[in-house]
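Shown next, in structure tokens, is the structure this report addresses.
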Amino acid sequence: MPRILLLAATTGYQTRSFAEAAARLGIGVTLATDRCHILGDPWRDRAIPIRFEDPDASAELLANSVHVDGIVAVADKPTVIAALAAERLGIPWHPPAAARACRNKHRSRELFASAGLPVPANFLVPLTAGVAEAAARAPYPCVLKPLGLSASRGVIRANTPAEFAAAFTRIARLLDQPDIAGDAIQPGIAGDAIQVEQFIPGREFALEGLMTRGELRTLAIFDKPDPLDGPFFEESIYVTPSREPESIQQSIIETTRRAAAALGLWHGPIHAEMRVNHHGVWMLEIAARPIGGLCARVLRFENGLDLEQLIVLHAINRMPDDLRPATPAAGVMMIPVPRAGIFESVEGLEPASRIPGIDGIVITAKPGQKLVRLPEGSSYTGFLFASGASPTEAEQALREAHSRLRFRVLTALDVVSA
């Protein structure tokens, strides 16, 4: 039986999705997660404990512990370890330098510029710098970003120096929280600086692809039909195929190919995000991993495979040739947090599920869970999946189903110590 090494966070539904995909294919899984090595095996999954903050030691441990045919990394944090482990094991994957560059917003901008890609005016500001001086340098409107966080966490638009100062202070406060230090501060990624760059107007898209020994294969281009103009950048609906003209889609693919080459991405899944305006295609970022959350379920193919299975097969060099979509159009909605507080329940699931075109509804928020909105938050309340004869039909089904849902969120009380 072929076997893959699956690197993932200790918790997360995406980890389970990939493990189940491998099981359906008859492929074995060795799991490596960021758990305490002292606790033994509390989840009874026989996972190898690794530490995301020490990628070299973790990769060395894996190289001396496993015999696998391929590697899959779920989410951003384990990608550097995956690259280092693949290098030691002699398994094709993205190089360590590429995985690190993908996680560092400033470094990726430098590499894009060196490759001749359009890049917004940008500079790095240490958290210890004078805010007024940095605000005076900013090209307005601008966007402030933590270097190592993902999913738009901590990303804020500022239109004036006053908004810049408020955004800077808010991001600094976020980076100071102990629970996200491991996300924001990784080896080679400064947690004590903020990226400032000129806001790029335009329509936003995403590209899902696979790199095979340096060659890009595009699996889908997603339209993001909701405007993402700030002050925060909460993504919601993805719909494929894109409704843009073929010339725009080809420009998106070509820009992604050039950007992936600039970063050094070589073998494995990529998820790219970009904006398009009258100046062309502007690459926002490329991640050395597949689309996040449960969104991978939106991509299914005529041969019966879904995206998770396809990535697993690619990892062991069994990539199928026939990858025609199973439906003319498909879409997913990452259900936004309706308001901050304590999640209690959701009503309207049955009428929402009866909307024509709706393929599934998954509520991932748990009763009693604290919901936090962007820019501090990092999760959604769930996912809606739809398909249709056209992208417009799929999008309309998602919006109609979402309108039927009613979330009950209780006010969270601050705890004040005596």
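Derivation of every value follows stated rules applied to the coordinates shown; laboratory data play no part. Bear in mind that the values here come from a model prediction, so they are computed numbers and not experimental data. Virtual Cβ from ideal backbone geometry, glycine too; neighbours counted across all protein chains shown.
Ordering Leu111, Leu149, Leu6 from the fewest to the most neighbouring beta carbons within 10 Å gives Leu111, Leu149, Leu6.
The order of Arg170, Arg100, going from fewest to most other C-beta atoms within 10 Å of their C-beta, is Arg170, Arg100. Of the peptides 228-234, 91-97, 349-355, the order by per-residue mean of other Cβ atoms within 10 Å, starting with the highest, comes out as 91-97, 228-234, 349-355. The stretch 341-416 and the stretch 282-328 have Cα centres separated by 24 Å.
Counting only DSSP beta bridges whose two residues both lie in the chain, roughly 85 percent are antiparallel. Near Pro2, once Lys and Arg are set to +1 and Asp and Glu to -1 for all other residues with Cβ below 11 Å from its Cβ, the sum equals +1. The mean of 1/r over all pairs of different alpha-carbon atoms in the stretch 73-112, once inverted, gives a Kirkwood hydrodynamic radius of 10.4 Å. If you model the stretch 316-401 as an ellipsoid using its alpha carbon gyration tensor, with each semi-axis the square root of five times an eigenvalue, the axes come out at 28, 18, 11 Å, biggest first.
Packing around the peptides 23-33, 256-266, taken as the average count of other Cβ atoms within 10 Å per residue, puts them in this order, highest first: 256-266, 23-33.
Over the chain, dividing the summed -39,500 (n - 2.57) contributions of all DSSP H runs of at least 4 residues by the number of residues returns a 222 nm mean residue ellipticity of -8500 deg cm²/dmol.
Each Cα pair under 8 Å and six or more residues apart adds its sequence gap; the mean of these over the residue count of the chain is a relative contact order of 15 percent.
Remark: for residue pairs Lys77/Lys145; Lys77/Lys370; Lys105/Lys366, the C-alpha separation exceeds 25 Å in Lys105/Lys366. When the chain is treated as a Gaussian network with alpha carbon springs shorter than 10 Å, the biggest mean-square fluctuation among Pro375, Pro320, Pro146 belongs to Pro320.
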